[in-house]
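A.B. asks: Below is one structure. I have some questions about it.
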Amino acid sequence: MTQVKRRRTQEERSHDMQQRILDAAFELLKDKGYSNFATTEVAKRAKVSRGALVHHFATKADLMESAIEHVFNKSLSAGIERAKKVTSSRDPIGAVLEDALDFYFSDYFYVGIDMLISGAKDPGHKDKFIRVVRNYRRPIEEEWLKVMCDSGLPVELAEELLWLTVNIVRGSAIRMLWQNEPKLINKYLGTWKNMVACYLEHRPEPKVAEVRTPAHHEHPFRTNVNTDSGST
């Protein structure tokens, strides 16, 4: 017997259309970049009318901001879930490296960089794009900091190793823009991982008071130097 399918509500249809538009907008940013982004092309790719697109996203800037936030949130959820599954890893640096490589060598990061560089030239868009890209990685890094502390590392040492590891991977990803040498990068990242393992094996035993977990509200990078590893 044929079952009658439940009709979707207007809210469900609207949400589905928004997701299609956002996915299409990100794909266009990935394929053609910020400077060649056109809402008419997004509508064509999403298979919606121009009016429907404007109904959901009134301006081009709103659409680009929402698109990058949309895909970053997907990556954010995956990264936090990965960190929570690791818990007290015997190889926390290896786990952090794997997560950082997944993001910084992905389309998410490269599209974000393009938006930061190109969008920064437009005062009306600059602050919005910086807010989205800058704050995105912080929750993930806070989860990884907790994993590292749970593995027995003093919080200050965990902060330093997390900051260094993330920035080494991010710098390597940026270098790939003009020098595509994945084998060399993998070699150097392996060297870094071995250096950390050697240091941890031979470091002096920490004092009991030194081992603590950061407060929930405390951001992991607290030094006076501008060490915000969550900028992108």
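Taken together, the values in this text are just the output of simple stated rules run on the coordinates, not laboratory data. Bear in mind that the values here come from a model prediction, so they are computed numbers and not experimental data. Methodologically, a virtual Cβ is constructed for each residue, glycine included, from the backbone with ideal geometry; neighbour enumeration extends over all protein chains shown.
A.B. asks: Taking the radius of gyration and the Kirkwood hydrodynamic radius from Cα positions alone, what is the Rg/Rh ratio for the range 22-86, to two decimal places?
C.D. replies: 1.10
A.B. asks: List the lysines whose Cα sits under 30 Å from the Cα of Lys128, skipping any in the same chain fewer than 8 residues away.
C.D. replies: Lys30, Lys32, Lys44, Lys47, Lys60, Lys74, Lys84, Lys146
A.B. asks: So, one more: Let me know the Rg and Dmax you get for the range 65-143 when you use only its Cα atoms, in Å.
C.D. replies: Over the range 65-143's Cα set, Rg and Dmax evaluate to 13.9, 46 Å.
A.B. asks: Next up: Given the peptides 175-184, 113-122, arrange them by the average over their residues of other C-beta atoms within 10 Å, most packed first. Can you show the working numbers first?
C.D. replies: Details: 175-184: 10.2, 113-122: 16.7.
Highest-to-lowest ranking by the protection proxy: 113-122, 175-184.
A.B. asks: Give the shape of the range 9-58 as rounded, prolate or oblate, defined through the alpha-carbon gyration tensor: a ≥ b ≥ c are the square roots of its eigenvalues, a/c under 1.5 means rounded, and otherwise the shape is prolate if a/b is larger than b/c and oblate if not.
C.D. replies: Prolate, since a/c reaches 1.5 and a/b exceeds b/c.
A.B. asks: Fewest first, what order do Arg131, Arg170, Arg138 take by the number of other Cβ atoms within 10 Å?
C.D. replies: On the way: Arg131 12, Arg170 20, Arg138 17.
The order, fewest Cβ neighbours first, is Arg131, Arg138, Arg170.
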